[in-house]
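One structure below.
The values are calculated or read from the model by the stated rules, or taken from the named source; none is laboratory data. What you see is a predicted model, and the numbers here were worked out from it, not measured in a lab. Ideal geometry is used to build each Cβ from the backbone, glycine not excepted, and the neighbour counts take in all protein chains shown.
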Amino acid sequence: MHDFRYVQGGLRCEGLAVETLARRFGTPLFVYSQHTLTDHFQKLDAALAPVDHWICYAIKANSSLAILRSFAQLGAGFDVVSGGELQRVIAAGGEPGRCVFAGVAKTAAEIEYALRQGVYCFNVESEPELARIDRVAARLKMRAPVAVRVNPNVDAHTHAKITTGTYANKFGIAFEEVEDVYARAARLKWLHLRGIQMHIGSQLTTVAPFRQAVERVAPLAEKLAARHGFEFFSIGGGIGIVYEPALASGEARWWRSPAGKKILTPDRYAATLLPQLRRLGLKILLEPGRFLVGNAGILVTRVEYVKQTGRKRFVIVDAAMNDLVRPAFYDAYHEIVPVRRLAGTTVESDVVGGICESGDYFAKDRPLAKVGEGDLLALLSAGAYGSVMGSNYNSRPFAAEVLVRGRQAALVRERQPVADIWRGERVAPWQG
């Protein structure tokens, strides 16, 4: 479950009133629960205890240094997709030797940096990338650990923009080509074939696509491990979370959707996949992101205006798509609740931000309490792909971020000063 709930009519994060946090730190404000992310990590870790495994947190979901430090202290590894993300892990106290480096466009400079830092493995997306890693490793006279990302051509039945496991996507190497790719890679002097990897997509809420992918790739992993001496099989990330209403009754129902349909839990996930994974005798790597942090965060925003236009009611708030782009980008649903519970009937409303785009919205025609100017709203399940996808569009500063543990709160990202938005810019010399 998560740690956001109503207590005496007010929304709380663990032991603190969200209203108090908003007064202290201002809005828009991301609030994270340390207990929630710890609980989710430990549940997944315990479910996979029967096999040797690493949980490598996919930091693209939320790269806050405080979040990374929390996972490092729990013993997590990390899944990074850029040299900058690897530097973040190191700055947060994470170990490069427990990092896997993914991504389709690794530069020579990033590869060199990762090798010098002792990264555990490169998850390789193409043969040209294998050749580049070999060249960089040869120049440094360092053997480079690699794993080929297999594209199993499994449809994850998720949003088109976050599916990654079919041949229509840019990721990985086609299943039918992988054996030959490994055979050619084995002839490259400066590569160390350390494992094999797959990832089929994000926000998967049933176990069937995972089972289908593992059933297809596990026999290949077993064969190639015997041939090349692999250490690990990475089954990727993608475990989904609940975004639908969970606080309507005042209680968090993290493991169930509103209709009572069971969501994918760590225990169900493990029970389905472990029988196939245990017999391989390989270390199993996972790369979850959203599952660990998604429900651990909210975005708090203040109502600036309520505007009635014909039959439309617009609730205009101080957060916008530059703070949380998922609704605009993916048509994604986030539950929106008043921070101070309001009595009375709801009214259909569009919750929108102040950016000059019609696509700048958080909800359309959503039944919402009759809030007014100055009221606070919370967008739930904003811990993943929230602040990390933020921008300065319309010269809007990045929001502040707070981490809560029990009755303690720490500002882990200051609200960006407006002048910092153009720091590093300058006029041309001929402009006077």
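You will find that of Val300, Val317, Val325, the residue that is aliphatic (A, V, I, L, M), assigned by TED's automatic domain parsing to the domain that holds Leu411, surrounded by 24 or more Cβ atoms within 10 Å (Cβ to Cβ) and touching a helix residue (DSSP H, G or I) at 6+ places or on another chain (Cβ under 7 Å) is Val300 and no other. Among residues that are more than 15 Å from Thr27 (Cα to Cα) and touching a helix residue (DSSP H, G or I) at 6+ places or on another chain (Cβ under 7 Å), Tyr333 is not included.
On the stretch given as the range 317-329, residues that are part of a loop (DSSP other than H, G, I, E, B), under 17 Å from the mean Cα position of the chain (by Cα) and closer than 10 Å to Phe362 by Cβ total 2. Restricting the search to strands (runs of 3 or more DSSP E) fully inside the range 35-131 and requiring at least 3 residues that are of a type in the set (Gly, Ala, Ser) and under 18 Å from Gly237 (Cβ atoms) gives an empty result. The combined condition, being within 20 Å of the chain's Cα centre (by Cα), of a type in the set (Gly, Ala, Ser) and part of a loop (DSSP other than H, G, I, E, B), is fulfilled by Ala332. The residue list Ala363, Ala378 contains one member that is free of Cβ contacts under 8 Å to residues at least 60 places away in the same chain, surrounded by 14 or more Cβ atoms within 10 Å (Cβ to Cβ) and in the same structural domain as Val303 (by TED's automatic domain parsing), which is Ala363. The one condition from (1) surrounded by 19 or more Cβ atoms within 10 Å (Cβ to Cβ); (2) more than 22 Å from Thr205 (Cβ to Cβ) that Arg341 does not meet is (1). Gly195 - would you say it is assigned to a loop (DSSP other than H, G, I, E, B) and either small (Gly, Ala, Ser) or closer than 22 Å to Ala58 by Cα (or both)? Judged against the criteria, Gly195 is not a match.
Pairs linking a residue in the range 15-44 that is without any contact (Cβ under 8 Å) to a residue 40 or more places away in the chain to a residue that is in a strand (DSSP E or B), with Cβ atoms under 6 Å and 6 or more positions apart or on different chains, are Ala17/Gly10.
Here are some residues: Phe230, Phe210. Which one is crowded, with 19+ Cβ neighbours inside 10 Å, within 20 Å of Ile133 (Cβ to Cβ) and among the aromatic types (Phe, Trp, Tyr)? Among Phe230, Phe210, only Phe230 is crowded, with 19+ Cβ neighbours inside 10 Å, within 20 Å of Ile133 (Cβ to Cβ) and among the aromatic types (Phe, Trp, Tyr).
Within the range 407-432, residues that are in a loop (DSSP other than H, G, I, E, B) reach partners that are among the aromatic types (Phe, Trp, Tyr) with beta carbons closer than 8 Å, at six or more positions or on different chains, in the pairs Arg415/Phe25; Arg415/Phe398; Gln416/Phe398.
With respect to the conditions (1) at pLDDT 95 or above; (2) under 20 Å from the mean Cα position of the chain (by Cα), Tyr305 falls short on a single one, namely (2). Check whether at least one residue in the range 177-186 is in a helix (DSSP H, G or I) and closer than 18 Å to Val51 by Cβ, and report yes or no. Checking the range 177-186: not a single residue is in a helix (DSSP H, G or I) and closer than 18 Å to Val51 by Cβ. Could you tell me whether any residue of the range 278-288 is basic (Lys, Arg), surrounded by fewer than 17 Cβ atoms within 10 Å (Cβ to Cβ), at pLDDT 95 or above and more than 30 Å from Phe101 (Cβ to Cβ)? Scanning the range 278-288 turns up no residue that is basic (Lys, Arg), surrounded by fewer than 17 Cβ atoms within 10 Å (Cβ to Cβ), at pLDDT 95 or above and more than 30 Å from Phe101 (Cβ to Cβ). Scanning the range 320-354 for residues that are under 24 Å from Ser391 (Cα atoms) and either in contact with a Leu (Cβ under 8 Å, 6 or more places away or on another chain) or of a type in the set (Val, Ile, Thr) (or both) yields Asp323, Leu324, Val325, His334, Glu335, Ile336, Val351, Val352.
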